Amino acid sequence: MKRAAGVLMPVFSLPSKYGIGCFDGAAYEFVDWLVEAGQTYWQILPLGPTAYGDSPYQAYSTFAGNPYFISLTELIKEGVLSAEECDNADWGNDPAKVDYDKQATTKMALLRKAYQNSKIAENEEFRNFVNENHWWLNDYALFMAVKARFGGKNWTEWAEDIKLRYSYAMMYYNEQLYFDIEFQKYVQFKFFQQWNNLKKYANDKGIKIVGDIPIYVSADSSDVWANPQLFQLDMNNKPYAVAGCPPDAFSATGQLWGNPLYRWDYHEQTGYQWWMTRLWASYQMYDVVRIDHFRGFDEYYSIPATDDTALNGHWEQGPGMKLFNRMNEYLGKKEVIAEDLGTLTESVVQLVKDSGFPGMKILGFAFYADDLYGSAYMPHNIEKNSVVYTGTHDNETITGWAKGLKEEDLQLVRDYLCDYTTPVEKLYMPMAAMALRTCADTCIIPLQDYIGLDNSARVNVPGTAQGNWGWRLLEGQIPKDLAKQVYAMTKAFKRLSESAFAKELKAQEERRKEAK
């Protein structure tokens, strides 16, 4: 595999207009910046419609897109909204943070206006989209319409007839909520239309999209409501066991995610068909898929659904290589990143090895002065078949991390870098260079760590329910010379994109001709 580099930047963090990053000009400008910086990959977070807590890892559907990412600027160009009503709307008072409450009210109201002005039922492209995606779209659109009818309640609290999907109830709500359902389909049509345009633009410029597939789906989702047989649910379709992880460095009581667990025996009987469809759909959206919580396919942590913490959970056997062997048969060879972070057993390590997928290495986990042997995250221990990061969306920024290091651990970092003079708040670029220097095939750096932002730009603190997923880049916050600096580092460590490398070869050949 060719050495390559990329940048981690959530879509919601783009400096777009109207309160949240979206598929507007700011996204296209960021693609251009990646090209200028010689990058190959743009890694994003899941694009699904976020539920309570705003986490992209807790979505109302594993197949649907987030309405908040729809560009209102594009809808203005279409003539279904006016610039005045978008500019005069209330988007919150902090341009550096996403106000999700405003997105849920202001943006959704504007999208409803756009739908009403669109005459979408007459649009042949829309009708084709609905027909091609009926296998997930019909359930999702009905789910969202019924959820609104019941005041946003979890589907397990709906009236029993529609909660359990009795045929007469399905017919009744499909008729009664016809326009609400069509609105949801319109929103998905615009999401995928705009996303596909952006992805094509990126691909045409040589940028590959690294997407993210959460191992679990949200309990309050159309996936669970429409397919209860896939999950560990009781007779009333309520989970009797849920997902999470045991106590660790992030949380003394573990993490209680609350997602329903899979009935892996049932999935195996069906040839893992739902999973194959899910993976296939992911590769329609992304070029590379990062599979979150990879260790859960070896063993998964099962917590009683009635518990308030993860302390009483236990490990159960996952599908292992049976799932990934089926994936290879069904989809062929695909680019995958295995999120194999955390405490790993020998069997998890073996699963990653057997799959052949590159695992993840985080430099922020590497430097502990009292570890005389050196962890697998130390740069000299990182294997070629890996993706190295300074940190991920779940970590501190590298500047925030460096500022919080113990004195002896910071000294180890300086000894490793042979750098005893750079101020601690300026160590972010030497750390990025260290990641690029490793022998890992791929290096991906969060944009915050190229700019040197502190923990005010952190995306997520695991184990906390509120205050996450809100960081936004401000207009002009990327230094003007940063792309050239990143390009030079990427070139020095032989990670240039194919297009940048081709330009370098051409320039080199022209210099040779001139020298003659």
For this session: Report the semi-axes of the equivalent ellipsoid for region 220-319 in whole Å, largest first, where each axis is √(5λ) for an eigenvalue λ of the Cα gyration tensor.
Result: 24, 18, 12
Seminar exercise, completed: Inter-part gap, Cα centre of region 295-354 to Cα centre of region 71-112, in whole angstrom, is 40
Exercise. Given region 54-106, what whole percent of its Cα pairs are spread farther than 15 Å?
Worked result: 59
Exercise. Tilt of helix 273-285 relative to the longest C-alpha principal axis of the chain, in degrees (0 to 90, nearest 10)?
Worked result: 60
Exercise. Ordered by residue, what ³J(HN,Hα) values in Hz, to whole numbers, does region 49-54 give under the Karplus form 6.51 cos²θ - 1.76 cosθ + 1.60, where θ = phi - 60° and Gly and Pro are x?
Worked result: x, 6, 9, 4, x, 6
For this session: Provide Rg and Dmax in Å for region 161-295, with only Cα atoms included in the calculation.
Result: 18.4, 51
Exercise. Using the alpha-carbon atoms, what tilt in degrees (0 to 90, nearest 10) does helix 498-515 show relative to the longest principal axis of the chain?
Worked result: 30
Exercise. Using alpha carbon coordinates only, what is the Rg to Rh ratio of region 283-345, with Rh defined as the Kirkwood radius?
Worked result: 1.06
Exercise. What length, rounded to one decimal in nm, is gained on full extension from T343 through to N196, with 0.36 nm per residue of separation minus their alpha-carbon distance?
Worked result: 49.2 nm
Exercise. How many percent of DSSP beta bridges within the chain run antiparallel, rounded to 5?
Worked result: 35
Seminar exercise, completed: When T343, T442 are ranked with the fewest other C-beta atoms within 10 Å first, the list becomes T343, T442
Exercise. Nearest 10 degrees, 0 to 90: what angle lies between the long axis of helix 134-149 and the longest principal axis of the chain (Cα atoms)?
Worked result: 70
Exercise. For N131 and R278, what does the FRET efficiency come to when R0 = 22 Å and r is the distance between their Cβ atoms, rounded to the nearest 0.05?
Worked result: 0.60
Seminar exercise, completed: Counting sequence-distant residues (5 or more places) and residues on other chains, those with an amide H built under 5 Å from that of V242 are I303, A305
For this session: List the aspartates and glutamates whose Cα lies under 17 Å from the Cα of K503, skipping any in the same chain that are fewer than 8 positions away.
Result: D32, E36, D204, E514
Exercise. Cα-Cα pairs above 17 Å in region 259-374: how many percent?
Worked result: 63
Problem set entry | Over the chain, relative contact order from alpha-carbon pairs under 8 Å, at least 6 apart, % | 19
Exercise. Using the 10 angstrom Cβ neighbour count as an exposure proxy, how do E78, E182 rank, fewest first?
Worked result: E78, E182
For this session: Please give the residues of region 76-120, grouped as numeric ranges, whose backbone N is less than 12 Å from a label point set 7 Å along the Cα-to-Cβ vector of S456.
Result: 95-97
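Using only alpha carbon positions, build the gyration tensor of the chain, then give the equivalent ellipsoid semi-axes as the square roots of 5 times its eigenvalues, largest first, whole angstrom.
The equivalent ellipsoid of the chain has semi-axes of 38, 29, 22 Å.
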Exercise. Lys/Arg Cβ at +1, Asp/Glu Cβ at -1, dipole of the chain taken about the Cα centre: which of V387, P214, G400 is farthest positive-ward?
Worked result: V387
For this session: For region 86-158, state what percent of all Cα-Cα pairs lands in each successive 10 Å bin, counting from 0 Å until the bin that includes the largest distance.
Result: 16, 32, 35, 17, 0
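Please grab the % of Cα pairs in region 54-178 that end up more than 17 Å from each other.
68
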Seminar exercise, completed: The correct pair for region 419-516, radius of gyration to one decimal and Dmax as a whole number, both in Å and from Cα atoms, is 17.8, 65
Seminar exercise, completed: If each part is reduced to its alpha-carbon centroid, region 469-516 and region 250-275 end up apart, in Å, by 42
Problem set entry | Entries of K208/K384; K2/K333; K353/K406; K494/K516; K153/K185 with Cα pairs more than 23 Å apart | K353/K406; K494/K516
Exercise. Quick one: if you stick a label point 7 Å off each Cα along the C-beta vector at H314 and L417, how many nm between them?
Worked result: 4.7
Exercise. Per the Kirkwood definition applied to all pairs of different Cα atoms, how many angstroms is the hydrodynamic radius of region 352-429?
Worked result: 13.5
Problem set entry | Residue exposure sequence - C86, C443, C418 - by fewest surrounding Cβ within 10 Å | C418, C86, C443
Exercise. If the cut-off is 13 Å between C-alpha atoms, which aspartates and glutamates fall inside it for K102, apart from same-chain ones fewer than 8 positions away?
Worked result: D54, D90, D94
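No lab work stands behind these numbers, since they all come straight from the coordinates. Keep in mind that this is a model prediction, so the values were computed, not measured. Every residue, glycine among them, receives a Cβ derived from its backbone with ideal geometry; neighbour counts consider all protein chains shown.
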